[in-house]
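Structure first, then comments.
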Amino acid sequence: MTPANELLTGEPVAGRCRVVCFSPRHDLTMARMSQEELRGVVDAWTEEMQSLEQLAWVKHVQIFENRGALMGASNPHPHCQIWAASAIPNIPQRELESFEGYRKRKNRCLLCDYLKLEMEEKKRIVCENDGFVALVPFWAVWPYETMMVSKRHIASLLDFTVEEKNLFGSMLGRLTRRYDNLFETDFPYSAGLHQRPSGGGDYSGWHFHAHFLPPLLRSATVQKFMVGYELLSMPQRDITPEQAAGRLAELSERHYLDG
């Protein structure tokens with residue numbers, strides 16, 4: 001590479017995409033699925049990750065769901081996508097650098113410490129069980145953004161115990177039902193699991209978590225947009241993380257369509 005082109009760089013990346021349907025039913029979302037059905041989704045994710053990591057060139061596996069037309073989902077059938085890539089994408093790479101930097105400075109896990117703080121304050125927690133906590137992160141950008149964090153320091157789905165698979169499936173149902181109940185609608189969101197990179201290496205500082213990024217603001221028809229100052233300077237909160245968590249936490253876990 002010559003000095004003349006150091007500012008413009010690019011490299012080829014190999015990839016593989018898979019689609020996983022959650023159910024044979026077109027109308028059955030995670031919020032309406034049974035505990036057994038949700039456990040089946042978690043098992044399918046685990047199997048697909050194991051399969052993709054058999055490919056020597058895979059460095060990262062991203063499991064994500066775009067729910068609803070508002071999030072660009074062209075197919076109404078409940079499903080997710082799994083993208084495997086030969087490079088670590090930008091956002092997971094930044095998280096990895098944060099995990100590793102914190103571990104070097106503190107000799108501790110960043111998310112373990114953060115989760116401990118949240119559990120002590122109990123201001124931004126939405127719901128929890130023995131294995132996972134769903135909370136509105138202190139730094140949340142979207143009004144009802146949440147993060148689901150494992151209580152145990154584990155790095156990926158492949159580290160889950162049998163019981164943690166059940167607990168994770170249960171939390172997926174509990175959180176998505178709250179989303180639907182919030183404005184009594186099929187709540188749109190983009191959600192994804194953030195797991196340690198693939199291909200070997202020391203990623204002991206990584207802590208498993210999942211992000212839920214929904215665009216709705218005050219009702220089923222009012223959308224949050226990033227414009228003006230938010231695009232050019234920094235995001236602004238429409239409601240505080242504490243307000244968002246409080247509203248989600250007080251909602252029933254019984255789906256509004258079930259009475």
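Dividing the convex hull volume of the alpha carbon atoms of segment 59-110 by its residue count gives 108 Å³ per residue. The local environment of THR29, defined by Cβ-Cβ distances under 9 Å, has a net charge of -1 under the rule Lys, Arg +1 and Asp, Glu -1.
With all protein chains present and a 1.4 Å probe, how do CYS127, CYS21 order by accessible area, largest first?
Details: CYS127 10, CYS21 80 Å².
Correct descending sequence by accessible area is CYS21, CYS127.
Using protein chains only and a probe of 1.4 angstrom, how many square angstrom of THR161 are accessible, to the nearest 10? In the full protein context, THR161 sits at about 60 Å². Here is the size of segment 68-195 from its Cα atoms: Rg then Dmax, 15.9, 46 Å. Here each label is just a point 7 Å from Cα along the line to Cβ, and for LEU7 and ASP27 those points are 5.7 nm apart. What FRET efficiency would be calculated for the residue pair VAL162, GLU97, taking the C-beta separation as r and a Förster radius of 25 Å, to the nearest 0.05? Computed FRET efficiency for VAL162 and GLU97 comes out at 0.15.
Starting from the Cα gyration tensor of the chain, multiply each eigenvalue by 5, take the square root, and state the resulting semi-axes largest first in whole Å. Please report the intermediate quantities before stating the final value.
Details: eigenvalues 161, 103, 89 Å².
Listed largest to smallest, the semi-axes of the chain are 28, 23, 21 Å.
A full extension of the chain between VAL227 and LEU251 corresponds to an added length of 5.6 nm, given 0.36 nm per residue minus the alpha carbon distance. For segment 35-94, the convex hull drawn through the C-alpha positions has a volume of 112 cubic angstrom per residue.
Among the listed pairs LYS106/LYS224; LYS123/LYS165; LYS59/LYS224; LYS165/LYS224; LYS122/LYS224; LYS122/LYS165, give every one whose C-alpha distance is greater than 31 Å. Write down the numbers at each step before the final one.
On the way: LYS106/LYS224 37 Å; LYS123/LYS165 27 Å; LYS59/LYS224 34 Å; LYS165/LYS224 33 Å; LYS122/LYS224 26 Å; LYS122/LYS165 25 Å.
Check vs 31 Å cut-off fails for LYS106/LYS224; LYS59/LYS224; LYS165/LYS224.
Each eigenvalue of the Cα gyration tensor of segment 160-259, multiplied by 5 and square-rooted, gives one semi-axis; in descending order these are 28, 23, 11 Å.
Put LYS165, LYS224, LYS123, LYS151 in order of accessible area, largest first, 1.4 Å probe: what do you get?
Of LYS165, LYS224, LYS123, LYS151, the descending order of accessible area is LYS123, LYS151, LYS165, LYS224.
For HIS26, HIS211, HIS255, the ranking by accessible surface with the largest value first comes to HIS26, HIS211, HIS255, using a 1.4 Å probe. Scanning the chain for cysteines with no neighbouring cysteine C-beta under 4.7 angstrom from their C-beta gives CYS17, CYS21, CYS80, CYS127.
The values are calculated or read from the model by the stated rules, or taken from the named source; none is laboratory data. The structure presented is a predicted model; accordingly, all values stated were derived computationally and were not measured. Neighbour counts are summed over all protein chains in view; Cβ atoms, including those assigned to glycine, are modelled from backbone coordinates with ideal geometry. Ligands, DNA and RNA are excluded from the accessible area calculation, which covers all protein heavy atoms including side chains. Shrake-Rupley method; radii C 1.70, N 1.55, O 1.52, S 1.80 Å.
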